[in-house]
Amino acid sequence: MPGPAERAAFLRGEIEHHNHAYYVLDAPTIPDAAYDALFRELQDIETRHPELCTADSPTTRVGGKPLPQFAQVAHAVPMLSLNNAFTEEDVVAFDRRCREAVGLNAGLTEGLNADQHEIDYAVEPKFDGLAISLRYEDGVFVQGATRGDGSTGEDVTQNLRTVRTIPLRLTGRPPALIEVRGEVLMFRQDFENLNARQRQAGEKEFVNPRNAAAGSLRQLDSRVTAARSLRFFAYGVADTTTVSLAPTFQGELMQLLADWGVPVANEREIVSGARGLLDYYRRLGEMRDRMPYDIDGVVYKVDSLAWQGKLGFVSRAPRFAIAHKFPAQEALTTVEAIEVQVGRTGALTPVARLAPVFVGGVTVTNATLHNEDEVRRKDVRVGDTVIVRRAGDVIPEVVAVVAERRPRRDLFSDDALQPPFALPTTCPVCGAVIEKPADEAIARCTGGLFCPAQRKQSLLHFASRRALDIEGLGDKLVEQLVDQDIVKTPADVFVLDAACLANLDRMAEKSATNLLAAIDKRRATTLARFIFALGIRNVGEATAKDLARQFGNLDTLMAADESRLQQVPDVGPVVAASIVRFFAEPHNVAVIAQLRAAGVHWPEGEPSAAVASPLSGKTFVLTGTLPTLTREAAKELIEERGGKVAGSVSKKTDFVVAGSEAGSKLDKARQLGVTILDETQFLELIRS
Ligand code: IVH
């Protein structure tokens, strides 16, 4: 029987091993309950034998007594910054400078094979977090500090202990003394969860994962940090010469760190020459939005440590490394106006008109404010300076107001203070009453198809690629057709002729002929497209396909009652009610009849029996990060098989598919006894 000291040492090793497997390798090794049991046992021993507490005990990860202030830490080796490259030319010039400095250019000018004279670079993401330094003595984490001004930072050791991916003790044979350098950041999903909690608690939300990470690390009360799901990735060490085993390459050094249990980027690579750098930049740029955390560029470092030494430093940045930045996804600009757009279903969306700003690779002049509650919560007003974000192909949005920059009314300015935003009470386009059910975030114009804005949007939807797909029937044209009362319903599109089009702007004879041909071509369509094109509230493309498959023909669908509709896998009470309501509206029935009279047709068949799939009608909740599937891909797999994906776990949930970092949803599933699947089990179910 081992004594408490041996048992505690054993438990520490076990717990940290499982921690590493869970947080760093993303491959949990034991069930959470078993982990909790080990943890409690260790806590227990340490309470009974305080003399057995150690600096590297995983029990220190829960945080400790709040500090009155952070102590200062002088960095033995300063924490420098990187020079930036923004263009291909900058990168080519960087590579040229490196080659010149190490004497590789001679070969090229003598006409030798360029490939043999390329520099190898260790490349990796540029983490968008906070730089920190971790000091390990005899493999034990003893001190962690922020960058500060580069020479002196703040001692945030207690807080860093709570970061699960930071090893409290290095594994393998680490050197007697080493300072690991890297970044603390927050995964996007953890950021979303944190903000949801902040919102619920009525607390201020964080603007982005970086700010959330910074705010969480600079807490005097480390228990707050412990509750915040921070991560750490290393990108190097303070002094490579202190590393035993003396690596000769940056890539080797990174592998050593990984071997000691320090998390490093999975995306790190070794590439050759400027071409290799630019190719890596392009590839990571494409992956950027799919990564679990924000990156703001890539970092290139000469792989040879000897050459790094030769290249050295200029002022405060190394000459052997450079950060190649991606276009920023966030920028500051000012709000010139807040307008309200009316969508296809009458939904009102407040939109900020912005002073043009270059963000996410394009010039942005509008950003969505989502809905009235959002505008109020963020308190966006005309004249405000705001942070706009455009990530990937997502619609630009206003993230937050920079409160300090709000124009103030004072003795020296005549700017009147802008009032908080409020939606109009009548539709800005048609004047109809605005309705906002108490339990909904969305306010709607009640004008229906009498509202020109709704009519335009309905027509655009009707003609859109995934609906009837009428080429050439775009924004500008629909605008004119509706404003001039030429087209009132989708059926009118099919009776357009050359005479109707003749007087329109930008409509030469040739374009008119093309448009009429495009319209004619689409008289033949499919039932699924037709149903989708109708624009029934809550009926998206997937539901339209299901309905078409199940009902086979339009008349049976139009005659179906709510209970019959709910037999369709994707259709619940809300969708069923919208469908019934749509077909109960005489105007809609009339338009359908006119469309048919105008020759719009599709192959009609018999209703099909429901296809039996084990997923059909089942509700899934996805949580955490799955090892291979993205959330979108998993969702698609479920929906294709007639299952539904819900946002939260309830008694109605059939399955929870959980990946790493699954949080409260997983706990809830356990409480309610919902079946929990990992990715492998999920894929088995899909294949069955
Ligand atoms: S190497 C001598 N690699 O970017 C400095 N830095 O703009 C060597 N950063 O303060 C830094 N990701 O905190 C390096 N993969 C990466 C990085 C990285 C983020 C930060 C770093 C530095 C800042 C410079």
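Does region 179-217 hold any residues that are within 16 Å of the ligand (Cβ to nearest atom) and over 23 Å from residue 389 (Cβ atoms), and which are they?
Listed by number, the residues that qualify are 179, 180, 181, 182.
All but one of (1) modelled with pLDDT of 95 or more; (2) polar (S, T, N, Q); (3) within 16 Å of the ligand (Cβ to nearest atom) hold for residue 143, so report the exception by its number.
(3)
Any residue that is surrounded by 17 or more Cβ atoms within 10 Å (Cβ to Cβ), touching a Gly at 6+ places or on another chain (Cβ under 9 Å) and closer than 16 Å to residue 224 by Cβ - is there at least one of those in region 166-186?
yes
Residues in region 622-647 that are of a type outside the set (A, V, I, L, M) and under 21 Å from residue 543 (Cβ atoms): how many?
Residues meeting the conditions: 11.
Filter region 30-42 down to the residues that are of a type in the set (A, V, I, L, M) and part of a helix (DSSP H, G or I), then identify the one that is surrounded by the fewest Cβ atoms within 10 Å (Cβ to Cβ).
Residues of region 30-42 that are of a type in the set (A, V, I, L, M), as a first pass: 30, 33-34, 37-38, 42.
Next cut, part of a helix (DSSP H, G or I) only: 33-34, 37-38, 42.
Details: 33: 8, 34: 12, 37: 12, 38: 17, 42: 22.
So the residue we want is 33.
Criterion first (in contact with a helix residue (DSSP H, G or I) (Cβ under 7 Å, 6 or more places away or on another chain), surrounded by 15 or more Cβ atoms within 10 Å (Cβ to Cβ), in contact (Cβ under 8 Å) with a residue 12 or more places away in the chain and assigned to a loop (DSSP other than H, G, I, E, B)) does residue 468 satisfy it? Show your work before the answer.
Working: in contact with a helix residue (DSSP H, G or I) (Cβ under 7 Å, 6 or more places away or on another chain): yes; surrounded by 15 or more Cβ atoms within 10 Å (Cβ to Cβ): yes; in contact (Cβ under 8 Å) with a residue 12 or more places away in the chain: yes; assigned to a loop (DSSP other than H, G, I, E, B): yes.
Yes, satisfied.
Note down all Cβ pairs under 9 Å where the first residue falls in region 318-332 and is in a loop (DSSP other than H, G, I, E, B) and at pLDDT below 95, the second is near the ligand (Cβ under 10 Å from one of its atoms) and charged (D, E, K, R), and they're at least six residues apart or on different chains.
326/126; 326/296; 328/296; 329/296
Go through region 251-290 and give me each residue that's of a type in the set (A, V, I, L, M) and either more than 13 Å from the ligand (Cβ to nearest atom) or under 16 Å from residue 325 (Cβ atoms) (or both).
Start the filter on region 251-290 by keeping residues that are of a type in the set (A, V, I, L, M), which leaves 253-254, 256-258, 262, 264-265, 270-271, 274, 277-278, 284, 287.
Correct list: 256, 258, 262, 270, 271, 274, 277, 278, 284, 287.
Just need a number here: residues in region 152-170 that are assigned to a helix (DSSP H, G or I) and within 16 Å of the ligand (Cβ to nearest atom).
At the first step, the residues of region 152-170 found to be assigned to a helix (DSSP H, G or I) are 157-161.
Adding the requirement that they be within 16 Å of the ligand (Cβ to nearest atom) leaves 160.
Going through region 152-170 one residue at a time, the tally reaches 1.
Can you tell me which residue in region 43-59 is surrounded by the fewest Cβ atoms within 10 Å (Cβ to Cβ), limited to those that are charged (D, E, K, R) and assigned to a helix (DSSP H, G or I)?
Start the filter on region 43-59 by keeping residues that are charged (D, E, K, R), which leaves 44, 46, 48, 51, 56.
Applying the additional criterion that residues be assigned to a helix (DSSP H, G or I) yields 44, 46, 48, 51.
Values: 44: 14, 46: 20, 48: 9, 51: 7.
Per the stated criteria, the residue is 51.
Can you pull out every residue in region 288-317 that is in contact with a Leu (Cβ under 6 Å, 6 or more places away or on another chain), assigned to a strand (DSSP E or B) and surrounded by 18 or more Cβ atoms within 10 Å (Cβ to Cβ)? Write out each step before concluding.
Within region 288-317, the first condition is being in contact with a Leu (Cβ under 6 Å, 6 or more places away or on another chain), and the residues that meet it are 293, 298, 300, 316-317.
Retained after the next criterion (residues that are assigned to a strand (DSSP E or B)): 298, 300, 317.
298, 300 - these are the residues of region 288-317 that are in contact with a Leu (Cβ under 6 Å, 6 or more places away or on another chain), assigned to a strand (DSSP E or B) and surrounded by 18 or more Cβ atoms within 10 Å (Cβ to Cβ).
Taking the residues in region 223-239 that are within 12 Å of the ligand (Cβ to nearest atom) and surrounded by 17 or more Cβ atoms within 10 Å (Cβ to Cβ) as candidates, determine which candidate is farthest from residue 24 (Cα to Cα).
The initial filter retains those residues of region 223-239 that are within 12 Å of the ligand (Cβ to nearest atom), namely 232-239.
Subset that is surrounded by 17 or more Cβ atoms within 10 Å (Cβ to Cβ): 232-238.
Numbers: 232: 9, 233: 10, 234: 12, 235: 15, 236: 17, 237: 19, 238: 22 Å.
Among them, the one singled out is 238.
Provide a single number: the residues in region 523-547 that are part of a helix (DSSP H, G or I) and either in contact (Cβ under 8 Å) with a residue 60 or more places away in the chain or in contact with a strand residue (DSSP E or B) (Cβ under 8 Å, 6 or more places away or on another chain) (or both). It would help to see each step written out before you state the result.
Going through region 523-547, the residues part of a helix (DSSP H, G or I) turn out to be 527-533, 541-547.
Okay, now just the ones that are also either in contact (Cβ under 8 Å) with a residue 60 or more places away in the chain or in contact with a strand residue (DSSP E or B) (Cβ under 8 Å, 6 or more places away or on another chain) (or both), so 527, 529-530, 532-533, 541-542, 546.
Of the residues in region 523-547, 8 are part of a helix (DSSP H, G or I) and either in contact (Cβ under 8 Å) with a residue 60 or more places away in the chain or in contact with a strand residue (DSSP E or B) (Cβ under 8 Å, 6 or more places away or on another chain) (or both).
Among the residues of region 292-314, write down those that are more than 10 Å from the ligand (Cβ to nearest atom) and under 31 Å from the mean Cα position of the chain (by Cα).
Scanning region 292-314 gives 292, 293, 294.
Restricting to region 531-569, name every residue that is surrounded by fewer than 22 Cβ atoms within 10 Å (Cβ to Cβ), more than 15 Å from residue 580 (Cα to Cα) and of a type in the set (Gly, Ala, Ser).
Hits for region 531-569 are 540, 542, 552.
For region 511-522, does any single residue satisfy the condition of being under 26 Å from residue 554 (Cα atoms) and assigned to a loop (DSSP other than H, G, I, E, B)?
Yes: region 511-522 contains one or more residues that are under 26 Å from residue 554 (Cα atoms) and assigned to a loop (DSSP other than H, G, I, E, B).
Give 491, 441 a once-over and let me know the one that is touching a residue at least 60 places away in the same chain (Cβ under 8 Å) and in a loop (DSSP other than H, G, I, E, B). Break it down stepwise before answering.
On the way: 491 fails: in a loop (DSSP other than H, G, I, E, B).
Among 491, 441, only 441 is touching a residue at least 60 places away in the same chain (Cβ under 8 Å) and in a loop (DSSP other than H, G, I, E, B).
Before we move on, is residue 404 without any contact (Cβ under 8 Å) to a residue 12 or more places away in the chain, surrounded by fewer than 17 Cβ atoms within 10 Å (Cβ to Cβ), within 29 Å of residue 203 (Cβ to Cβ) and of a type outside the set (Lys, Arg)?
Yes.
With respect to the numbered conditions (1) loosely packed, with under 12 Cβ neighbours inside 10 Å; (2) in contact (Cβ under 8 Å) with a residue 40 or more places away in the chain; (3) closer than 30 Å to residue 288 by Cα, which one is the sole condition not fulfilled by residue 393?
(2)
Please note which strands (runs of 3 or more DSSP E) are completely contained in region 591-688 and include at least 1 residues that are within 25 Å of residue 231 (Cα to Cα) and among the β-branched types (Val, Ile, Thr). It would help to see each step written out before you state the result.
Details: elements: 619-623, 644-646, 655-658, 675-677.
So the answer is 619-623, 655-658.
Tell me which residues, restricted to region 74-93, are away from the ligand (no atom under 16 Å from the Cβ) and either β-branched (Val, Ile, Thr) or closer than 20 Å to residue 141 by Cα (or both). First the steps, then the outcome.
Step one: list which residues in region 74-93 are away from the ligand (no atom under 16 Å from the Cβ), which gives 74, 87-89, 92-93.
Once the filter is applied, which keeps residues that are away from the ligand (no atom under 16 Å from the Cβ) and either β-branched (Val, Ile, Thr) or closer than 20 Å to residue 141 by Cα (or both), region 74-93 yields 74, 87, 92.
Taking residue 662, is it on the phi < 0 side of the Ramachandran plot, crowded, with 16+ Cβ neighbours inside 10 Å, of a type in the set (A, V, I, L, M) and modelled with pLDDT of 90 or more?
Details: on the phi < 0 side of the Ramachandran plot: yes; crowded, with 16+ Cβ neighbours inside 10 Å: yes; of a type in the set (A, V, I, L, M): yes; modelled with pLDDT of 90 or more: no.
Considered against the rule, which asks whether it is on the phi < 0 side of the Ramachandran plot, crowded, with 16+ Cβ neighbours inside 10 Å, of a type in the set (A, V, I, L, M) and modelled with pLDDT of 90 or more, residue 662 comes out as no.
Of the conditions (1) touching a Lys or Arg at 6+ places or on another chain (Cβ under 8 Å); (2) within 16 Å of the ligand (Cβ to nearest atom); (3) modelled with pLDDT under 95; (4) of a type in the set (Gly, Ala, Ser), residue 131 clears all except one; give me its number.
All conditions pass for residue 131, except number (3).
Residue under question is residue 27, and the condition is that it be under 23 Å from residue 658 (Cβ atoms), in contact (Cβ under 8 Å) with a residue 24 or more places away in the chain and part of a loop (DSSP other than H, G, I, E, B); does it hold? Walk me through how you get there before you give the answer.
Numbers: under 23 Å from residue 658 (Cβ atoms): yes; in contact (Cβ under 8 Å) with a residue 24 or more places away in the chain: yes; part of a loop (DSSP other than H, G, I, E, B): yes.
Yes, satisfied.
The values are calculated or read from the model by the stated rules, or taken from the named source; none is laboratory data. Only a predicted model underlies this, so the values are computations on that prediction, with no experimental measurement involved. Here Cβ is always computed from backbone atoms with ideal geometry, including for glycine, and neighbour counts include all displayed protein chains.
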